[in-house]
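The values are calculated or read from the model by the stated rules, or taken from the named source; none is laboratory data. Only a predicted model underlies this, so the values are computations on that prediction, with no experimental measurement involved. Using ideal geometry, Cβ is built from the backbone for each residue, glycine included, and neighbour counts are taken over all protein chains shown. The protein model used for the area step is the full one, side chains on, heavy atoms only, and it has no ligands, DNA or RNA in it. Shrake-Rupley method; radii C 1.70, N 1.55, O 1.52, S 1.80 Å.
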Amino acid sequence: MKYRAIIIDDERLARQELKSVLKNQKMVDVIDEAANAIEAKDKIERLSPDLIFLDIQMPGKNGFELLESLDYTPEVIFVTAYDEFALRAFEVSALDYILKPVEEEKFLKSLENKLEQMEQKDEVKSNENESESLGENDQVFVKDGDKCWFVTLKDIRLFESEGNYVRVYFDNNKPLILKSLNALDKKLSDKVFFRANRKHIINLKWIDKIETWFNGGLLVILKDEKRIEISRRQAAKLKEKMSL
C-alpha cells in the first residue's frame, strides 16, 4: 500500500529536503506541498491525503491551529526545529515527532515503523467497520449521571461534540457521554449517519430541509429545527449520498 502525503512547511528548502528524503520510501507518495495553514487546509480538504508532514511554527496559524480547523484530519507526523511541543503533539494523536535537521537514515527507519502501525490500524478499522457497524435498529446504552436509557439508534437525531464528551439528542433528552466523535463515527453505519463537520454527526432520516450556505457549504435543518452547517468538502459528499 502507498500512502498519499502532503508536506506543510513555510520554508521551501525544508520542503525540498523532505521530498528528497521521501523518494527513498516506497510506501509514501508526496502528492502536494503547502507553505502555510490556509494553503494546507484547502489542499487537505480537496485531496484527502492519508498523511501530512507538518511544521509547527509558521506565519499565520501554526500547525496545531491548522489541525483544529480541519473537518478531515489525516495521520500527522510533525517535523519541526522545536522540541518543546512534543507532549502537545502526542495529545493530538500525532503519529511521530521529528526534530530538524532530519537525519535521513534514522528518519526513514522510524517512518517505516510508523507506516506499519498505520497499516495495522487500517486493517483493524476495516474489520471493525465490517463486523461491528451499528445500524438504525440497533440499541445502545446511554448513561448520564444517575440516568440511564436504552435508545434505538434511529431515534437519535444528532451527536454533538463538547470537548472530550458527546451530547446525544433523542426525544427530549440531551445527555452527555464520555466518548469521542471520531470513535462514534467509526461505529455508526454511514447509510444512516453522516459526519457533517468536526463537531456533528447527523441522522440522515431526521433532516427536514437543506439550504445553500457560505463558500459552497450547506445548512441542514433537522426536524427539531436544530441547524447544522456542512463544510464545503462534506457538502459534496452529502450531495452525492442524497443525490442532490
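Expressed in nm², what is the orientationally averaged projection area of the convex hull enclosing the Cα positions of the chain?
Computing the convex hull of the Cα atoms and averaging its projections yields 14.6 nm².
With a 1.4 Å probe and every protein chain kept in, tell me what percent of the accessible surface of the chain is carbon plus sulfur.
Taking all protein chains in place, the chain shows 46 percent carbon and sulfur surface.
How far, in degrees from 0 to 90, does helix 37-47 lean away from the longest principal axis of the Cα atoms of the chain, to the nearest 10?
With both axes taken from Cα atoms, the answer is about 70 degrees.
Quote the relative contact order of the range 129-224 in percent (integer), defining contacts as alpha-carbon pairs under 8 Å separated by 6+ residues.
Relative contact order of the range 129-224: 22 percent.
Just for the chain, what percent of DSSP beta bridges are antiparallel, to the closest 5?
The antiparallel fraction comes to roughly 60 percent.
What is the extension gain from ILE177 to ARG88, computed as 0.36 nm multiplied by their sequence separation minus the C-alpha to C-alpha distance, in nm to one decimal? Walk me through the numbers on the way to the answer.
Numbers: separation 89, 0.36 × 89 = 32.04 nm, distance 2.43 nm.
Working it through step by step, the gained length comes to 29.6 nm.
Tally Lys and Arg at +1 and Asp and Glu at -1 over the other residues with C-beta under 15 Å from the C-beta of ALA34: what net charge comes out? If you can, show how the numbers build up before the last one.
Numbers: positive: ARG4, ARG12, ARG15, LYS19, LYS41, LYS43, ARG46, LYS61; negative: ASP9, ASP10, GLU11, ASP32, GLU33, GLU39, ASP42, GLU45, ASP55, GLU65.
Summing Lys/Arg as +1 and Asp/Glu as -1 gives -2.
Going down the table (LYS61/LYS209; LYS154/LYS179; LYS19/LYS187; LYS26/LYS191; LYS26/LYS106), which pairs top 25 Å between alpha carbons?
LYS61/LYS209; LYS19/LYS187; LYS26/LYS191
So how tilted is helix 12-22 from the main axis of the chain? Cα-based, degrees 0 to 90, rounded to 10.
For 12-22 against the chain, the angle is about 90 degrees.
Against the longest principal axis of the chain, how steep is helix 104-132, in degrees 0 to 90 to the nearest 10, with axes from Cα atoms?
Between the helix axis and the principal axis of the chain, the angle is about 20 degrees.
Find the accessible area per residue for the range 1-109; the probe is 1.4 Å, ligands and nucleic acids are left out, and the unit is Å².
52 Å²
Nearest 500 deg cm²/dmol is fine: what mean residue ellipticity at 222 nm does the chain get from its DSSP H runs of n ≥ 4 alone, each adding -39,500 (n - 2.57), divided by its residue count?
Counting only the DSSP helices, I get -10500 deg cm²/dmol.
Once you place label points 7 Å from the Cα toward the Cβ at ILE38 and ARG167, how far apart are they in nm?
3.2 nm
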